[in-house]
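Coordinate-derived values only; no laboratory data. Predicted model, so just to flag it, every value in this text is computed and none were measured. Glycine gets a Cβ as well: all are built from the backbone with ideal geometry, and neighbour counts include every protein chain shown.
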Amino acid sequence: MTVNRPRLFDLIAFDWDGTLFDSTAVITRSIQDAVRDVGGTVPSDAEASFVIGMGLMAALAHAAPDVPKDKYPLLGERYKFHYSARQHDINFFHGVLPMLHALKERQHLLAVATGKSRRGLNEALAREELAGLFDATRTADETAGKPHPLMLQELMSEFDVAPQRVLMVGDTTHDLQLALNAGCASVGVSYGAHDPEAFEALSPLFVAHSVPELQQWLQDNA
């Protein structure tokens with residue numbers, strides 16, 4: 001007999017890159033190529049992947065501290081060029097779409113809170129299979145970059161949901177710190193951009209090592 005547990009979280013917000021979308025390697029290479037193009041010291045894989053989840057210009061400035069500020073516009077343009085050339089090679093992690101549909105069937109509100117730009121997220125959301133899945137989305141260029149809590153605060157206000165009824169799911173310390181700053185719970189995933197050993201200090205409820213593991217935890221605990 002199936003037991004219907006009470007829902008603990010009304011709103012589940014997902015990071016995009018590295019959590020739902022298998023884009024970590026593409027973003028890392030695009031950052032490195034952009035820095036190389038403007039003559040900066042090319043960051044290591046770890047340095048480039050660390051900034052994933054931050055707003056674009058904050059991420060590039062952090063990854064390329066020796067690039068002068070007057071070159072930031074060019075740095076941003078080169079990143080977008082390299083990412084656009086590779087973006088059609090990116091897809092969802094296996095199992096993401098069934099997981100999202102299962103959550104919708106349980107009547108969770110689903111949202112995206114991402115460091116991507118609005119334009120970049122809209123391009124990603126244009127896929128037919130995503131129609132109607134997300135109730136709201138927030139991007140760094142229209143609110144504030146992670147880990148500032150504004151993204152989650154706006155989502156909570158839009159749906160009149162209390163912080164204790166909101167769960168943030170992400171692959172970086174920026175995502176988990178965002179949740180802490182907003183007074184919300186979090187779940188980390190280890191298959192994205194950041195080493196999960198860094199998650200412990202940010203008190204996630206769980207760290208999933210695969211999408212099926214994440215789905216099972218959400219089914220049992222969310």
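Taking the listed residues 204, 149, the one that is in contact with a strand residue (DSSP E or B) (Cβ under 8 Å, 6 or more places away or on another chain) and not hydrophobic (A, V, I, L, M, F, W, C) is 204, with no other qualifying. With respect to (1) out of contact with any Leu (no Cβ under 9 Å at 6 or more places or on another chain); (2) hydrophobic (A, V, I, L, M, F, W, C); (3) surrounded by 18 or more Cβ atoms within 10 Å (Cβ to Cβ), the lone exception for residue 11 is condition (1). Would you please name the residue that is nearest to residue 177 (Cα to Cα), looking only at residues in the range 16-53 that are among the aliphatic types (A, V, I, L, M) and out of contact with any helix residue (DSSP H, G or I) (no Cβ under 6 Å at 6 or more places or on another chain)? Only one residue tops the list, namely 46.
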